[in-house]
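For reference, the structure discussed in these notes is given below.
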Amino acid sequence: MDSVQLRVGIGDCKITKSPNTIITVGLGSCVGIALYDNRRKIGGLAHIMLPDSTQFSNTTNKYKFADLAIKDLYNEMLKLGAFKNNIVAKVAGGASMFNFSDKKMVMDIGERNCVAVKKQLNDLGIQIISEELRGNRGRTMILDANDGNVSIKTVGEGIKVI
Amino acid sequence: MDYSKLSNMQLDALREIGNIGAGNAATALSQLLGSKVDMTVPNVNIVSFDEIFSRIGGEEVVLGVIVRVLGDTPGNILFIFTRETGMDLIKQLTHKEEEEISEMGASVLCEIGNIISGSYMNAISKFTNLLIMPSVPAVTFDMLGAILSTTFIESEQFDECVLDIETTFMQDDTEIQGYFYYIPMPGSLEKMLSSLGVK
């Protein structure tokens, strides 16, 4: 069977089964959350922009927000046959892209996204088995639904598998 | 403000604001480089977040200089150019050829960002009678998608529809290709339009 690569945009989420892969490019302050069921070989990837939907009145796109997106991704995976106890998470992103010499100008959206993603995963009882968060570089993330490996591409640093 | 509901009159006013800002910025850049710099008439882009990312692919690696816009109309100014253009600008100003972007090179690019955004904001400030100031710039060499998305999010623009004012600079023989974005925070455009008396 040929494998297909699905593409997750910003504020978006996709689920697939082996042998397919899912990619999301250009994570800056955004965080990518890969959930994976190792036995069923079902993987899902979300690309969130903001930590908390309760701060906003307009939440038509729930995949923008860490709290709503992760919950939804998790439920969709269960619907597709993933087992609760098998699902683990790998997360990447949440960078502070702009390294201002005046630290007052640095915004902490990346940091807040990291905290919110971890809290949400913890609330759902999903274990984070590896992470590549913070720093000041953009990242591209590819989840392989065949083995649950997540490849992280960083400019100038090559590819790292977590 | 729902950007998709801006009237033609308001769009014209915004384009004119961009034009005055960019005109001054082009003059400043041309004085700095000692050669002629052209600019395009600014576009006021009102697009969806998704559209920006499907258009650029996101993985292209570029140089970005970002300046926070402070004062009455907060937002961000983002100056994007290719690595070649960045290297070329460094060479023109330091008369030194670099393999990698050194600390000196990065500070040259910061200074260019500083001068361009400063003259852009000064011009808009004078035109609208508003207090607008630049922060110290920051420079980054990274994926275009990551730079753009972070800038929009940091400008508190994350609705389906986002707005930026975009200009392209060109230096005829060496082909400086620089994209210059002003990305206002919500509320900033309203202030500019109302101080110009455009309803």
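Laboratory data are not the source of any read-out in this text; all were calculated from the coordinates shown. Given the structure is predicted, the values throughout are model-derived calculations rather than measurements. Heads up, the Cβs are rebuilt from the backbone with ideal geometry, glycines too, and the neighbour counts pull from every protein chain shown.
Shielding value for A:104-113 is 3, the average number of Cβ atoms from other chains within 10 Å of each residue's Cβ.
Between the Cα long axis of helix A:109-123 and the first principal axis of chain A there is an angle of about 40°, rounded to the nearest 10. Shielding value for A:54-62 is 1, the average number of Cβ atoms from other chains within 10 Å of each residue's Cβ. Taking the 0 to 90 degree range and rounding to the nearest ten, how far is the long axis of helix B:83-94 tilted relative to the main principal axis of chain B, both from C-alpha atoms? Orientation of helix B:83-94: about 70 degrees from the principal axis. Need the C-alpha centroid separation for segment A:39-110 versus segment B:1-65, integer Å. With segment A:39-110 and segment B:1-65 each reduced to a Cα centre, they are spaced 30 Å. Potential lengthening of the chain between B:Glu60 and B:Lys36 amounts to 5.8 nm, from the contour at 0.36 nm per residue minus the alpha-carbon distance. Summed over qualifying helices (DSSP H, 4 residues or more, each -39500 (n - 2.57)) and divided by its residue number, chain A shows a 222 nm mean residue ellipticity of -6000 deg cm²/dmol. For the protein assembly as shown, would you read off the P(r) tail past 38 Å as a percentage of all alpha carbon pairs? Percentage above 38 Å: 21.
Using the Cβ of B:Gly187 as centre and a radius below 11 Å, the other residues enclosed give a net charge of -2, where K and R count +1 and D and E count -1. Taking each DSSP H run with n ≥ 4 as -39500 (n - 2.57) and averaging over every residue of chain B yields -15000 deg cm²/dmol at 222 nm.
Electrostatic tally near B:Glu97: other residues with Cβ closer than 15 Å to its Cβ, Lys and Arg +1, Asp and Glu -1, net -2.
For A:Lys17, the lysines whose Cα comes closer than 28 Å to its Cα, not counting residues fewer than 8 places off in the same chain, are A:Lys41, A:Lys62, A:Lys64, A:Lys71, A:Lys79, A:Lys84, A:Lys90, A:Lys118, A:Lys119, A:Lys153, A:Lys160. Rounded to the nearest 20, the size of the Cβ-charge dipole of chain B about its Cα centre is 840 debye, with Lys and Arg at +1 and Asp and Glu at -1.
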